[in-house]
Every structure is written in structure tokens, then in C-alpha cells.
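Engineer: Dumping the structure here so I can ask a few things about it.
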Amino acid sequence: METKFNVLETRIGDRKSVSSDLNFADGEDDPFISSLWGIHKTLDALRGNMHKRVFDAETIGDDGSDIEDTQLPPTYVVVQLDPKIPKTTLVWLIDKISGKKRDGGGELIVMKQPLNPDDGSILHLSATKMKFLEAAEEMELMKEDRIGVMREFTVASLEDFVPEDMHLDDFLTPSERQTIVKHELDNIRALAEDDHIPGFPTYSLYEGQSIFHVCQKWGIVTKVYPLHDDEAIKRLGKQWYWTVFGKQPFEDIRLYFGESITLYFNFLGFYTYTLAIPVLLGFLQMLVSTETIPFFCIFNVVWVTLVLEIWRRNSNELAFKWGTIGMTSMDEPRPNFKGAMGYDAITGKIQPQSPRYMTYVKMYAVSLPIVFICMLLAFVIMMVSFWVEDYLKQNEEYIQFVSLPSIIYSVVVLIMNIYYRSLATYLTEWENHRTQSQYDRHRVTKLVLFEFVNNFLSLFYIAFIVQDMEMLRSQLQTMLIISQAINNFLETVQPLAVKYYVMKFKIADKPANPNTPRIFREKGSEDNTPLKDLEIPQLLPDDPRIKQAMAEGKMESYEGTYDDYLELFIQFGYVFLFSSVYPIAALWAVFNNVIEMRGDAFKLCRLFQRPFSRRVKDIGAWQRAFEVLGALSILTNCGILYLSPQLRRGAPGVSEVEWILMFVLLEHVLLGVRYILHIAISEKPEWVRVALAKKSYEWKQALKFERSQKNRRLLTRKFKTDHGTHGQ
């Protein structure tokens with residue numbers, strides 16, 4: 001039924017377009033167009049009625065049975081609310097979620113489940129098939145058509161995307177449907193009359209603000225998560241984390257978790273494979289007794305540049321295959337973007353508008369100085385730790401406390417990282433970046449700068465101030481191995497132990513409260529939750545989604561790929577900034593990454609709530625961060641080569657000035673080699689550039705054809721009018 005609606009509306013829309021081109025007033029000059037336009041209005045009214053109902057027209061039986069007797073639609077997003085939420089707030093929020101778009105609503109299906117009031121009210125959200133298709137077009141979702149070409153989906157061209165042997169229900173994946181529901185939630189905007197949240201007079205709203213994010217900020221909405229697909233996750237697990245050396249199923253990962261997570265695992269796998277050459281050379285260095293620092297200095301510089309340039313090329317290839325290569329800073333604004341509602345100059349849509357210069361003023365006049373002050377504070381704390389340690393070493397009566405400064409410094413760094421992360425998030429939010437990619441890029445930049453000081457500055461101090469290569473090798477080995485061991489413990493062993501403890505001791509042994517309603521009630525039992533009097537569909541007591549929502553609600557939420565990329569960033573720095581004094585570092589990195597790859601996969605599938613999928617075209621600010629490390633590796637490796645005592649013993653007649661000039665020249669030569677490699681390796685493969693050029697050409701030809709058709713209709717109309725006038 002939906003398909004018939006859409007096809008008919010498409011045809012009417014085409015006739016409406018013709019009417020508009022010929023300057024008709026809603027088709028008043030053409031009886032046929034006028035009648036079609038009347039049908040269009042009728043269909044629009046029917047569309048509104050369908051959105052008010054819980055189910056699609058396709059779910060209503062041929063016998064005309066009542067819709068309440070049919071099966072509830074699948075749950076795509078679960079929303080848990082604060083147990084103490086006022087009734088007025090609850091009614092207002094549900095009206096916003098299920099209301100019409102023109103009234104500021106999300107046009108979603110809202111269902112409730114019987115629940116212990118102490119845990120809060122739980123809503124299950126879904127949408128009609130028609131809503132999913134409309135939202136997919138509005139979000140400019142990229143889908144593969146019948147001939148295998150990835151292009152933007154439109155409802156008018158639905159038949160081009162759905163093969164004859166595919167049911168309409170299978171067109172959008174569950175991951176895409178979850179993303180659409182979350183997108184509609186995030187874009188429920190406050191209207192002019194919504195000056196505050198009902199029931200909370202102090203929680204003010206301004207026109208255009210994302211209502212759902214405000215409710216999350218103030219704790220009215222406590223959790224939002226999609227449900228796992230047990231069958232799909234079992235199939236994915238067999239191909240992914242249960243195979244130690246098997247190839248990662250990237251396409252299955254993308255369909256289930258989305259492009260952002262898939263790109264991380266792509267990068268992790270690519271980076272690990274490219275470490276094979278440094279590992280081999282590290283083994284050879286252990287067998288060779290001669291000095292190898294000069295060789296490894298030059299090799300690291302060339303290798304790092306090649307790896308990063310090839311990865312950029314590979315990521316562009318993936319982005320083209322996934323249909324994300326065209327994402328720009330002009331994409332849809334993120335939900336927390338603040339600004340006055342107005343027409344977008346490019347899309348013509350009504351969206352929040354804010355001057356870009358205000359963001360730049362906040363970034364460079366406020367945020368940047370604060371970040372540098374924090375970096376300076378971290379540097380001072382590090383130096384104090386070194387000074388105290390040196391003082392203890394020089395005094396024999398305090399020698400037993402020599403390790404105390406390092407322990408205190410480690411604890412202080414951990415505490416500083418926690419508070420600095422909150423500060424960086426607050427500053428980036430306050431800067432008011434328009435898109436999610438811009439927000440992520442600037443937040444990552446702030447965090448990486450601080451982490452660089454904490455993790456690498458001590459190595460710089462040992463290498464170039466103390467100038468002790470043996471101490472540098474020992475410190476590098478300790479930091480690399482210990483940090484990786486701690487991270488693997490915290491990421492794999494600890495979550496499993498916590499989950500086992502919670503399941504065995506807390507949940508199983510929790511005494512039942514006789515005054516608390518049971519989750520699984522018998523049919524007909526009274527619902528004592530705050531949702532009791534609301535006329536929305538309720539899941540049956542034996543619905544398996546209730547148990548699943550409760551279990552997954554207790555899981556830890558996945559905060560994104562930041563910590564995973566940060567781990568690789570730190571490892572990358574350890575391996576290549578100073579690995580010329582410790583070439584075997586690459587072996588420890590490979591060993592860690594193999595465990596990391598399967599451990600992260602297991603966590604995502606079994607220990608975390610299912611994350612919402614995110615569309616990305618590259619690894620964002622992390623690409624720039626790795627490239628900065630690559631450039632710094634030239635400076636550090638040349639500096640280590642300059643300080644190498646073995647190299648100086650080989651040329652005793654060279655003066656200090658000549659040494660400095662020689663290594664400045666070498667540094668510039670290597671920077672030149674890096675630049676040549678950068679411009680020699682194309683960012684996009686040839687076939688991607690040809691495909692993009694072909695697509696651009698086809699778009700231009702389509703616009704030309706459309707323009708010629710409009711001109712022909714206008715001229716035909718003109719000639720008919722002139723002929724009729726002359727005939728009279």
C-alpha cells in the first residue's frame with residue numbers, strides 16, 4: 001500500500017512540477033492537473049492519519065480486524081526515563097516523539113513495557129515503513145542500486161534500489177533503521193512556545209534546540225540504546241573474534257555497527273599488517289652486532305610516510321564504496337548545534353544558523369590558551385617529578401623512596417586526564433561546531449595535545465636533555481610493554497570479571513521485594529508504572545524484548561572509538577619516535593594489536609550496548625595526528641642519530657659545527673623525501689577518480705536534460721497560446 005502511495009505521489013509531484021514551471025496556480029489552468037493536485041492533498045491527509053496509527057497499512061488484515069490485535073512492530077531504539085519523571089513531562093515528551101513533524105514531533109511509534117518503577121519507565125521506539133523511507137531520503141542515505149552503483153536514495157526512485165526478489169522490509173538494514181530513529185529523536189526541535197520543559201520551570205529551552213538532548217543533559221532521559229540482534233551477532237562473532245588469524249568480515253561489521261567502527265578496525269588491521277617489515281628488521285638487528293641506529297632512523301621516516309599515505313588512499317577507496325566520500329562541512333547540523341532558526345543558504349531547509357566567526361573567536365581566543373595552560377601545567381608536574389627523583393638519588397638516606405615520585409606522577413596524570421577530558425568536551429561543546437565531524441575533530445585535537453605531553457615529553461627529556469640512550473631504551477621498553485599490558489587488562493579481563501561478578505553475586509542473589517511489581521506479569525495484571533494511564537501500545541508480559549531491554553540496559557555504553565584510536569596513537573609514537581634505539585618495539589606492537597583486534601570485537605559484540613552507527617569518510621583528526629607524529633619522527637630520529645656516540649667515534653675529525661650542519665641537512669633532505677612521497681602517491685586510486693568524474697558528468701547531463709525538457713514545455717505552451725491568439 002505504501003509503495004502505491006509513493007508511486008502515485010511521485011507522479012503527481014511530477015505533474016505539480018510541470019504546473020509550477022508553466023506558472024500555473026496549483027494547476028488551476030489545467031483541469032487534469034487540478035484534479036491530480038486534489039488527489040495529492042487527499043493522499044497527504046491519509047499519510048498524516050497513517051502516521052498517527054501505530055502500524056503500517058500493510059499490517060492491517062484483509063478481514064478488517066482491529067489494529068490492536070496485530071503484532072507490535074520491531075523495537076529499534078530503547079529509551080529509559082528517570083523513575084521520578086513528572087507525569088506532565090512524560091506526556092509532553094511522548095507527544096513530541098510521536099507527534100507530527102509540522103508540530104515539532106518525530107512521527108515515531110512509541111510503545112511501553114511493564115517495569116519496576118525503581119528502574120524508570122522504558123519506551124520502545126519504532127517507525128512506519130513509510131516514515132523510514134521518507135527519513136532515508138531526508139538524510140540523503142546512500143544505497144546500492146540494482147546495478148551495484150552507490151548513490152543517494154530517493155523515494156521516487158525506489159524501484160531502482162529494490163530488486164524484484166527483495167521484500168521492501170529488507171531494503172533498509174536494522175542498523176540503518178536504528179540510525180533513522182535516533183536521527184528523528186535528535187531532531188525534535190523546540191518550538192517558539194516551548195520556553196521550558198513542562199514540570200521543570202528552570203530547564204529553559206530556546207526555539208530550535210534539540211529537546212531530546214536537553215532531556216539527556218538534565219537526566220530526564222537516562223539511557224538511549226538500540227537492541228542487539230542475537231542471531232546476527234552470533235554469526236558475526238564466529239567470523240570475527242573467534243578466529244585468531246582469520247580475515248575480518250568488514251562488510252558484515254559495517255552493516256551491523258556502521259562505517260565509523262568498521263573504519264577503525266580497517267585501520268587497526270592495515271597498521272598491524274604494515275608492521276611486518278619493522279618486526280623483521282628488528283629481529284635482524286638483534287642478530288647483527290654492528291650499530292644500526294642510522295639505518296633505522298632513515299627507514300622509520302620513509303616507512304611512516306608510506307604507511308600514512310597509502311592508508312589515506314585506502315580510506316578514500318572505502319569511503320567511495322560506502323557512499324560517504326562526498327560528506328562535507330555543509331552536511332546536516334548536529335543536534336547540539338545552537339543558533340537562531342532560519343533558512344539554510346545552500347539547502348533551503350529551516351535549520352539552526354550561527355555565524356562561523358563566533359566559533360573561531362571562541363576557539364582561538366579562549367579554548368586554545370586554556371589548552372596550552374593545561375599542557376604547561378602537565379609539563380611542570382613532569383619536571384617536578386624528575387627533579388624530586390634526582391634529588392632522592394643523590395641522597396643515600398632517601399634512596400628507598402626513589403620510585404615514589406614516579407608513582408605519584410602516574411596517579412596525578414591519571415587524575416589530570418579525567419578532568420582534562422571533561423574540560424576538553426565542555427570547551428568543544430561551547431565552541432558550537434556545526435557538524436558532528438567538526439566537533440569530533442576539534443575535541444580530538446585538544447585531547448591529543450594533552451596526551452602527547454603526558455606520554456612523550458618524558459622521553460624527549462631523557463633523549464635530548466639527559467642524553468642517556470640506555471636510559472631512553474629502558475624507559476621506552478617499560479612504557480610500551482606496561483601500558484599495553486594495563487590497557488589489555490582494563491579492556492578485556494576487567495569487563496569480563498565485572499560482568500561475571502554482577503551476574504553471579506548481585507543479580508542472582510538480589511532478594512525479591514514483595515511490594516515491587518514483577519517484570520513479567522500475568523496477562524491482565526495492573527501496570528503501576530508512570531506510563532499506566534497513557535494510551536500507547538504496551539508490550540505483552542512474555543515479549544522477549546522486555547528481558548533483552550533490561551539485560552542490555554545494564555551493559556556499559558560504548559563511548560566511541562576515541563580511546564581505541566588514542567591507544568594506537570600512543571603506540572605509534574613509542575614505536576617510531578624513538579624506536580631507532582629499540583627496534584624490537586614493533587614486535588610488541590603486533591602482539592598487542594592481534595589481541596586488541598579480537599578483544600575489541602568481543603567487547604562490542606558481548607559486553608557493550610549496541611552503539612548507534614555513524615557515517616564517516618575517514619578517521620578525521622586522527623589522520624592529522626598520526627601525520628604529525630610522522631613529521632616529528634624525522635626530528636627525533638635525526639636528533640638520536642646526531643647524539644649517537646658510535647657514529648661520532650667513526651668520524652673523530654668532524655667538528656661540532658660540522659656535525660650540526662650535517663644533521664640539519666639530513667633533516668631537510670628527509671623532509672623533502674616525505675613531501676615528494678606525499679605528492680607522488682595520489683589520495684584517491686585512479687578508478688575512484690574516474691568514477692567520481694563520471695558521476696559528476698552524469699549529474700550535469702541530467703541537469704541539462706531536465707532544463708531542456710522545461711524549455712520545450714515552456715516553448716510549446718507559448719506557441720500554442722500565440723497560435724490561439726492569431727487564430728482569433
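Here, each number is a calculation from the coordinates, and none is a lab measurement. This structure is a prediction, so every number in the text was calculated from the model and none was measured. A quick note on method: Cβ atoms are made from the backbone with ideal geometry, for glycine too, and the neighbour counts reach across all protein chains shown.
Engineer: Based on the Cβ-Cβ distance of residue 164 and residue 664, what FRET efficiency does E = 1/(1 + (r/R0)^6) give at R0 = 60 Å, to the nearest 0.05?
Structural biologist: The pair residue 164/residue 664 has a calculated efficiency of 0.30.
Engineer: Please give the contour-minus-distance gain from residue 471 to residue 150: 0.36 nm per residue of separation, less the Cα-Cα distance, rounded to one decimal in nm.
Structural biologist: That pair, residue 471 and residue 150, stretches by 110.1 nm at full extension.
Engineer: Here's another thing I want to ask about it. So which trypsin sites (Lys or Arg not before Pro) in the stretch 209-309 end up in coil per DSSP with only 16 or fewer other C-beta atoms within 10 Å?
Structural biologist: Qualifying residues, ordered by number: 247.
Engineer: Would you be so kind as to identify which of 262, 237, 281 lies farthest towards the positive end of the dipole of the stretch 205-284, taking Lys and Arg as +1 and Asp and Glu as -1 on Cβ and the Cα centre as origin?
Structural biologist: Most positive-ward Cα: 281.
Engineer: Kindly write out, for the stretch 451-458 in residue order, the coupling ³J(HN,Hα) from the Karplus curve 6.51 cos²θ - 1.76 cosθ + 1.60 (θ = phi - 60°), rounded to whole Hz, with x marking Gly and Pro.
Structural biologist: Result, ordered by residue: 5, 4, 4, 5, 9, 10, 5, 5 Hz.
Engineer: Something else about it: Please give the length that would be gained between residue 690 and residue 242 if that part of the chain were fully extended, namely 0.36 nm times their separation in residues minus their C-alpha to C-alpha distance (nm, one decimal).
Structural biologist: Answer, rounded to one decimal: 157.4 nm.
Engineer: Okay, moving on. Karplus couplings for the stretch 137-146 from phi (6.51 cos²θ - 1.76 cosθ + 1.60, θ = phi - 60°), rounded to Hz, Gly and Pro as x?
Structural biologist: Residue by residue, the stretch 137-146 yields 5, 4, 7, 6, 5, 8, 9, 7, 7, 4 Hz.
Engineer: Mind listing the long-range amide H neighbours of residue 109? Cut-off is under 5 Å, sequence gap 5 or more, other chains count too, H placed in the peptide plane at 1.01 Å from N.
Structural biologist: Distant-sequence amide H within range of residue 109: 126, 127, 128.
Engineer: Now, a different point. Each residue of the stretch 560-576 in order: what ³J(HN,Hα) in whole Hz does its phi give by Karplus 6.51 cos²θ - 1.76 cosθ + 1.60, θ = phi - 60°, with x for Gly and Pro?
Structural biologist: Values per residue, Gly and Pro as x: x, 8, 4, 4, 5, 5, 4, 4, 5, 4, 5, 4, 4, x, 4, 6, 10 Hz.
Engineer: By how many nm would the segment from residue 486 to residue 206 lengthen if fully extended, with 0.36 nm per residue of separation less the alpha-carbon distance?
Structural biologist: Result for the pair: 96.3 nm of gain on full extension.
Engineer: If you don't mind, another one. Mind listing the long-range amide H neighbours of residue 241? Cut-off is under 5 Å, sequence gap 5 or more, other chains count too, H placed in the peptide plane at 1.01 Å from N.
Structural biologist: Under 5 Å from the amide H of residue 241 lies no amide H from a residue far enough along the sequence or on another chain.
Engineer: Quick one: of 131/710; 84/112; 223/446; 96/338; 101/129, which pairs are farther than 25 Å apart, Cα to Cα?
Structural biologist: Result: 131/710; 223/446 exceed 25 Å.
Engineer: At residue 414 and residue 683, where each label point lies 7 Å from the Cα along Cα→Cβ, what is the point-to-point distance in nanometres?
Structural biologist: Modelled inter-label distance: 4.2 nm.
Engineer: Can I ask one more? Taking amide H positions as placed in the peptide plane 1.01 Å from N, state which residues far from residue 227 in sequence (5 or more) or on other chains have amide H under 5 Å from it.
Structural biologist: Here the answer is 78, since their amide H atoms fall under 5 Å of that of residue 227.
Engineer: Set the Förster radius R0 to 25 Å, insert the Cβ-Cβ distance between residue 699 and residue 231 as r into 1/(1 + (r/R0)^6), and round the FRET efficiency to 0.05.
Structural biologist: 0.05
Engineer: With label points built 7 Å along Cα→Cβ from the Cα atoms of residue 157 and residue 540, find their separation and express it in nm.
Structural biologist: 4.3
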